[in-house]
Every structure is written in structure tokens, then in C-alpha cells.
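A.B. asks: Take this structure, written in C-alpha cells, and hold onto it; I'll ask about it next.
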Amino acid sequence: MYEPDLAPLAGSLPLSALVALVPLAAIFFMLGVLRTKAHWAALAAVAVATGVAVGVYHMPAKLALLSASEGAVFGLFPIMWIVFTAIWVYQLTVVSGRFEDLRRAFQLISDDPRIQAIIIAFCFGGLLEALAGFGAPVAITGVMLLALGFGPLRAATTVLVANTAPVAFGAIAIPIITAGTLTKIPYEEIGAYVGRQSPVLALIVPLLLVFLVDGRRGVRQTWPAALVCGGSFGAAQFASANFISVELTDIVASLAALVVTVAFLQIWRPRGGAEALATLRGERGEDPTDGTSPAGGGSRGSVATVGQRTAARVEITTGRVVMALMPYLVIIAVFSVAKLWEPAKTFLLGQDVKIEWPGLHGQVLTVAGKVSSTTIYTFPWLSSPGTMLLLAGILVTIIYRISPVVAARELVAMAVKLRWAFLTVASVLALAYVMNLSGQTITVGAWIAGTGAAFAFLSPILGWLGTAVTGSDTSANALFATMQQTAAAKAGLDPTLMVAANTSGGVVGKMISPQNLTIAVTAVGQLGKEHVLFRKVIRWSLLMLLGLCLLVFLQSNVLAWMLP
């Protein structure tokens with residue numbers, strides 16, 4: 001059996017940690033500096049991680065390769081399965097002709113693209129994160145903003161930054177429930193702590209979104225609406241996490257923010273919406289005066305070909321609005337039944353198939369000397385959010401009276417368009433599994449955890465790192481929650497605070513994960529430009545991480561009154 005050594009290089013933990021970081025440095029260097037396409041960067045990083053595992057950690061090559069194979073399969077199912085079906089549902093709205101109605105419906109709320117970014121990317125995206133998670137919000141809201149006139153990379157940047165504050169409570173709070181299960185700390189308690197950290201992000205994110213859409217002018221002209229949206233989301237997130245339900249936190253927060261923001265817009269309207277829209281249209285090569293694309297204009301290679309806009313006003317009735325929103329109402333209904341109705345939830349989870357990975361299970365130990373459970377692959381063929389989205393798509397096909405042949409054709413076409421995204425995400429998860437099972441990730445975590453009192457400041461970095469590697473806050477908690485708990489006890493810190501910090505730190509690491517970068521660029525038809533998007537979002541990820549580090553450090557001493 002293989003048992004990881006925390007310090008394989010001359011017994012030096014710092015030196016071993018630096019070597020363990022080489023695969024991550026490789027992928028981010030290739031993306032951010034060499035501007036390599038994501039699938040090549042990810043494949044190269046897998047090769048580097050495998051070399052470190054075999055050459056430095058002395059993991060048998062067979063086990064390293066089998067670890068990569070399990071990770072690759074997990075990347076394809078359930079992760080890319082979710083993205084694949086989410087974009088397919090969107091495409092059904094396009095071929096049905098209903099998406100133009102949806103665009104007009106959002107314009108009834110506001111035709112200001114900065115407000116639309118808040119409503120769609122933050123509020124609606126938060127609701128999708130609450131129900132599905134795992135990339136679905138980025139995929140769906142990305143193509144929605146694209147269809148509303150945003151440039152492809154601006155749309156992708158906006159939705160990645162928006163997909164932060166809701167992540168900790170995403171997929172019915174599965175990251176927090178996972179942390180509670182592993183640490184034996186009641187997950188309600190962890191959720192209450194996170195509910196006093198992520199609302200701070202929620203207050204800031206809408207302001208950041210309007211800045212991304214329209215710069216300083218956008219902030220100056222729309223800050224009241226941005227603060228109302230972020231404040232109502234944060235307040236509802238705090239209230240639900242502490243007094244209502246951890247599982248329902250993002251549902252409550254997203255709906256509250258949507259209702260309050262729409263109500264606020266009935267009494268206050270920002271200036272400069274037309275200028276902001278003209279800027280976006282000019283960016284896409286469109287005529288700012290009427291929004292119609294010149295020949296060859298628009299975003300090439302997009303997932304969906306958005307219908308040409310016309311200058312004529314089309315009357316939008318209540319019935320047309322309801323039908324335009326129908327796919328998303330169906331998604332909410334399906335996920336609500338699957339996740340919140342206990343009999344359905346129990347039945348669906350009962351269909352999961354546990355597979356002991358051949359040749360790997362039972363051959364790898366944890367640093368504690370126990371047989372690793374990571375080598376058991378769960379095949380959630382029925383309970384996966386991707387399967388729920390597939391069901392929603394079938395219902396939408398029936399409701400919209402789309403020909404089954406057309407729906408199937410779109411499904412096949414989507415698989416072809418996503419082929420490089422499949423390879424990228426499979427490679428990223430292969431990287432994560434090799435690093436995790438060989439002990440590289442734990443070495444880095446143990447190194448950071450050994451900093452004593454300074455650990456309160458550094459704690460969110462572990463969650464950020466874990467989510468950046470795996471693309472999942474749930475996975476980051478699976479990696480580091482127990483380590484956070486142990487390190488906190490040794491340093492005389494509150495273990496619940498450190499576990500919550502791991503969760504909160506993870507939410508700002510998601511936007512730089514190669515997995516989510518690929519999902520975003522694929523959704524807006526810019527596959528191969530992950531390196532460009534990475535350079536756009538890395539600064540915001542690091543800035544928000546610094547803010548969280550400061551917050552957690554202060555909560556460990558002078559701001560202890562903020563905690564339950």
C-alpha cells in the first residue's frame with residue numbers, strides 16, 4: 001500500500017511544499033504567461049504532477065496513473081455532464097424562438113446593461129447556484145448576458161466574478177454539509193459562521209459587477225441599486241444561515257435580492273444606461289444606434305446563434321414572459337423537488353452507484369494511515385444536477401413543442417462543440433486527484449497550517465487553493481476542513497471559524513479554476529481563450545481573497561463579537 005509522506009524531501013516540509021506547488025505553478029504559468037490553451041496547460045500539469053508524485057513522493061506509477069483516470073472520469077461525470085445539459089437547455093430556448101422574449105422580459109425590469117448584470121449574473125445566477133452549482137450558473141447566465149449584447153469575454157468575466165458570494169451555500173449548502181460531516185462540527189454552526197463572512201462579499205460584488213460592465217462611470221451612476229442588491233442579498237444570507245435554514249440560504253438570499261432590487265428600481269432609475277449599452281454594442285462591432293450586427297459581426301463561434309435584433313418594438317405580453325421564463329421555472333421546480341422533498345431526495349441518492357476504482361481502491365492510505373475513501377467513485381446517474389437538467393430539458397421540449405429530432409440534433413451538436421472543454425475539465429480533475437492521493441495537496445496545507453497564530457490570516461488561502469485546483473468549494477472542504485480544524489486547535493484558534501474560513505476562501509478561488517474558466521469561455525463561444533479570461537479575473541480573485549484573510553484574522557480577535 002502507498003502511504004503519503006508529508007515531507008518527502010529531506011524531511012523538510014517547506015521544501016516539500018514548494019515542490020508540491022510546481023504542478024499548480026505550471027498550469028497557471030502556462031495560462032497566464034505563455035497563454036497556452038487550457039487543455040494543453042491542464043494536460044501538461046497532469047504530467048508534472050505525475051512526475052512529482054512518482055519521483056518525489058515515491059508513489060507507484062501505476063497508482064498515479066489510476067488516480068488520474070479516476071479524476072478524469074469524475075470531471076466528465078458529473079461535472080461536465082452538468083455543464084453540457086445546462087447549455088443544451090439554453091439552446092432549446094434559442095431554437096424555439098423564446099429567448100428573444102426572455103431578453104425583452106429582462107429589459108422590462110431595466111434596459112440598462114449594468115442593472116441586467118446585477119439581476120441576471122448575481123441574483124438569478126445565485127438562485128441557479130443554490131439549486132445546481134458545479135458550473136451551471138456560469139454556463140447559463142454567461143449565454144444570457146451574451147444574448148443581451150455583452151461582449152463574449154466581458155460576459156464571461158462578469159458571471160465568474162458574480163459566482164462568488166453564493167458559492168458557499170451552493171447546491172443546497174453541500175460545501176458546508178461536507179465540512180460538517182468530516183469535522184463532526186454541526187454543519188448549522190459552520191453555516192452560521194460562514195453567514196457572517198460571505199455577506200461581506202455579497203455587499204461588494206454587485207458594485208464590482210457594474211464596474212466590470214461600465215467602469216467608474218457605471219459605479220458612479222448605479223451604486224444605489226448595486227448596494228441595495230448586495231445589501232439585501234447579504235442580509236438575507238445572514239438571516240437564513242443563522243436563523244432559518246442553512247440549506248435554503250442561497251434560495252432565500254437570491255429571491256430576496258431580486259424582489260428588493262426590482263422594487264427599488266420602480267422608484268429609482270440610474271442614468272447613463274443608453275451610453276453603457278452603446279459602448280457594449282460598439283465593443284461587439286454592432287451599430288450603437290440600433291443594435292443590429294453588421295455582416296460578420298457579433299461573437300464568432302458562440303454556443304448559440306442569437307437572433308438578430310430589430311429596431312421595431314415587439315409587444316411583450318404576460319403570457320410571452322411566462323413562456324420565456326418557463327425553462328428556468330421548470331429548472332427551479334425540478335431541483336426543488338429533487339433537493340428539498342425528502343422522499344424524492346432519498347430515492348434519488350439511493351440510486352447512486354459506488355464503484356471501488358479497479359487497481360486503486362485499497363492501495364492508497366491517507367496521511368493518518370487509513371484506507372482512502374477517495375478511491376471509491378460515486379456514479380450519481382440519477383441524482384446528478386446534470387440529470388435534473390436533462391429532465392428539465394425534456395419537459396421544456398414538450399412545453400415548447402420542439403421536435404424531438406431538433407432537440408436531439410442540438411444535443412449532439414453541443415457535444416461536438418464542447419469536446420475541448422471535456423478534455424480540459426477531465427485533465428484538471430485528473431490533476432487534482434493525482435495531487436490529492438499522492439499527498440502533494442496535503443503537504444501544502446500542512447505547511448500553511450504550521451504558521452501558528454498567523455494561521456488565522458492564512459486560513460482562507462487553503463480553501464482558495466483547493467477550489468482553484470478542483471473547481472469546487474465542496475472538494476476544497478473535503479481536502480482541508482479536517483486539517484483546518486486540527487491546525488486551529490494547535491494554534492489556540494476557534495476550529496469552527498477556521499473551517500468556515502476554508503469555505504469562504506474557496507468561493508473566491510472558483511473564478512480562477514481552469515475548470516470554470518473553460519466552462520465560461522465555452523458558454524460564450526471563446527474556447528481556447530481561457531488564458532485571456534484568467535488574466536482578467538485573477539486580480540479580482542486575489543483582491544477578494546486578501547479581504548477575506550483580513551476579515552477572518554480580525555474575527556479571530558478584535559471582531560470576535562461578529563461570531564455566534
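The values are calculated or read from the model by the stated rules, or taken from the named source; none is laboratory data. Remember, it's a predicted structure, so these values are computed and weren't measured experimentally. Note that we place each Cβ from the backbone using ideal geometry, even for glycine, and neighbour counts take in every protein chain shown.
A.B. asks: Which of the residues that make up the range 49-64 are surrounded by fewer than 18 Cβ atoms within 10 Å (Cβ to Cβ), assigned to a helix (DSSP H, G or I) and of a type outside the set (Gly, Ala, Ser)? Outline the logic, then answer.
C.D. replies: Restricting attention to the range 49-64, the residues satisfying the condition of being surrounded by fewer than 18 Cβ atoms within 10 Å (Cβ to Cβ) are 51, 55, 58, 60-62.
From what's left, assigned to a helix (DSSP H, G or I): 51, 55, 61-62.
Of everything in the range 49-64, just one residue is surrounded by fewer than 18 Cβ atoms within 10 Å (Cβ to Cβ), assigned to a helix (DSSP H, G or I) and of a type outside the set (Gly, Ala, Ser), namely LYS62.
A.B. asks: Restricting the search to the range 357-411, which residues are in contact with a Phe, Trp or Tyr (Cβ under 6 Å, 6 or more places away or on another chain) and of a type in the set (Lys, Arg)?
C.D. replies: Across the range 357-411, there are no qualifying residues.
A.B. asks: Return the pair list, or none, for Cβ contacts closer than 8 Å from residues in the range 242-253 that are under 18 Å from ILE331 (Cα atoms) to residues that are among the acidic types (Asp, Glu) and assigned to a helix (DSSP H, G or I), at least 6 apart or on different chains.
C.D. replies: ASP250/GLU129
A.B. asks: What number of residues within the range 519-547 are assigned to a helix (DSSP H, G or I) and either at pLDDT 90 or above or hydrophobic (A, V, I, L, M, F, W, C) (or both)?
C.D. replies: So the count comes out to 20.
A.B. asks: Given the structure, is ILE402 in contact (Cβ under 8 Å) with a residue 12 or more places away in the chain, among the hydrophobic types (A, V, I, L, M, F, W, C) and farther than 30 Å from ALA41 by Cβ?
C.D. replies: For ILE402, the condition - in contact (Cβ under 8 Å) with a residue 12 or more places away in the chain, among the hydrophobic types (A, V, I, L, M, F, W, C) and farther than 30 Å from ALA41 by Cβ - is met.
A.B. asks: Could we say that ILE190 is under 20 Å from THR467 (Cβ atoms), in contact (Cβ under 8 Å) with a residue 24 or more places away in the chain, crowded, with 19+ Cβ neighbours inside 10 Å and over 19 Å from the mean Cα position of the chain (by Cα) here?
C.D. replies: The answer is yes for ILE190.
A.B. asks: Give the residues of the range 125-162 that are assigned to a helix (DSSP H, G or I), farther than 19 Å from LEU280 by Cα, modelled with pLDDT under 90 and not β-branched (Val, Ile, Thr), sorted by residue number.
C.D. replies: LEU127, LEU128, GLU129, ALA130, LEU131, ALA136, PRO137, ALA139 - these are the residues of the range 125-162 that are assigned to a helix (DSSP H, G or I), farther than 19 Å from LEU280 by Cα, modelled with pLDDT under 90 and not β-branched (Val, Ile, Thr).
A.B. asks: Mind telling me which of the residues PHE335, PHE379 ends up being surrounded by 15 or more Cβ atoms within 10 Å (Cβ to Cβ) and in contact with a helix residue (DSSP H, G or I) (Cβ under 6 Å, 6 or more places away or on another chain)? Give the derivation first.
C.D. replies: On the way: PHE379 fails: in contact with a helix residue (DSSP H, G or I) (Cβ under 6 Å, 6 or more places away or on another chain).
From the options PHE335, PHE379, the qualifying one is PHE335.
A.B. asks: Being under 17 Å from ALA324 (Cα atoms) and among the hydroxyl-bearing types (Ser, Thr, Tyr) is the filter here; which residues of the range 377-410 pass it?
C.D. replies: Of everything in the range 377-410, those that are under 17 Å from ALA324 (Cα atoms) and among the hydroxyl-bearing types (Ser, Thr, Tyr) turn out to be THR397, TYR400.
A.B. asks: Here are some residues: THR164, THR158, THR183. Which one is under 27 Å from PRO564 (Cβ atoms), of a type in the set (S, T, N, Q) and more than 12 Å from the chain's Cα centre (by Cα)?
C.D. replies: THR183
A.B. asks: Can you tell me which residue is modelled with the lowest pLDDT among those in the range 395-417 that are at negative phi and of a type in the set (Lys, Arg)?
C.D. replies: Applying the first criterion (at negative phi) to the range 395-417 yields 395-400, 402-417.
Filter once more, so that each one left must be of a type in the set (Lys, Arg): 409, 417.
Numbers: ARG409: 95, LYS417: 81.
Step by step, filter the range 395-417, then rank; the result is LYS417.
A.B. asks: Another question about this same structure. Test ASP101 against the stated conditions and say whether it is touching a residue at least 40 places away in the same chain (Cβ under 8 Å), touching a Lys or Arg at 6+ places or on another chain (Cβ under 8 Å), farther than 26 Å from MET511 by Cβ and surrounded by fewer than 24 Cβ atoms within 10 Å (Cβ to Cβ).
C.D. replies: On the way: touching a residue at least 40 places away in the same chain (Cβ under 8 Å): yes; touching a Lys or Arg at 6+ places or on another chain (Cβ under 8 Å): yes; farther than 26 Å from MET511 by Cβ: yes; surrounded by fewer than 24 Cβ atoms within 10 Å (Cβ to Cβ): yes.
In short, yes.
A.B. asks: Run down LEU462, LEU497 and say which single residue is under 30 Å from LEU533 (Cα atoms), aliphatic (A, V, I, L, M) and part of a helix (DSSP H, G or I).
C.D. replies: From the options LEU462, LEU497, the qualifying one is LEU462.
A.B. asks: Do we have any residue at all in the range 381-394 that's touching a strand residue (DSSP E or B) at 6+ places or on another chain (Cβ under 8 Å), at negative phi and not in a helix (DSSP H, G or I)?
C.D. replies: Within the range 381-394, one or more residues are touching a strand residue (DSSP E or B) at 6+ places or on another chain (Cβ under 8 Å), at negative phi and not in a helix (DSSP H, G or I).
A.B. asks: Something else: Name the single residue, out of those in the range 502-518 being of a type outside the set (S, T, N, Q) and part of a helix (DSSP H, G or I), that is nearest to PRO152 (Cα to Cα).
C.D. replies: LEU517
A.B. asks: Can you tell which of GLN515, GLN440 is closer than 18 Å to ALA44 by Cα and over 22 Å from the mean Cα position of the chain (by Cα)?
C.D. replies: Among GLN515, GLN440, only GLN440 is closer than 18 Å to ALA44 by Cα and over 22 Å from the mean Cα position of the chain (by Cα).
A.B. asks: From the list VAL337, VAL330, exactly one residue is farther than 30 Å from VAL521 by Cα and at pLDDT 70 or above. Which is it?
C.D. replies: Going through VAL337, VAL330 in turn, the sole match is VAL337.
A.B. asks: Report, by residue number, each residue of the range 469-494 that is part of a loop (DSSP other than H, G, I, E, B) and either over 19 Å from LEU24 (Cβ atoms) or among the aliphatic types (A, V, I, L, M) (or both).
C.D. replies: Within the range 469-494, GLY492, LEU493, ASP494 qualify.
A.B. asks: Does GLY170 satisfy being part of a helix (DSSP H, G or I) and at pLDDT 90 or above?
C.D. replies: Numbers: part of a helix (DSSP H, G or I): yes; at pLDDT 90 or above: no.
For GLY170, the condition - part of a helix (DSSP H, G or I) and at pLDDT 90 or above - is not met.
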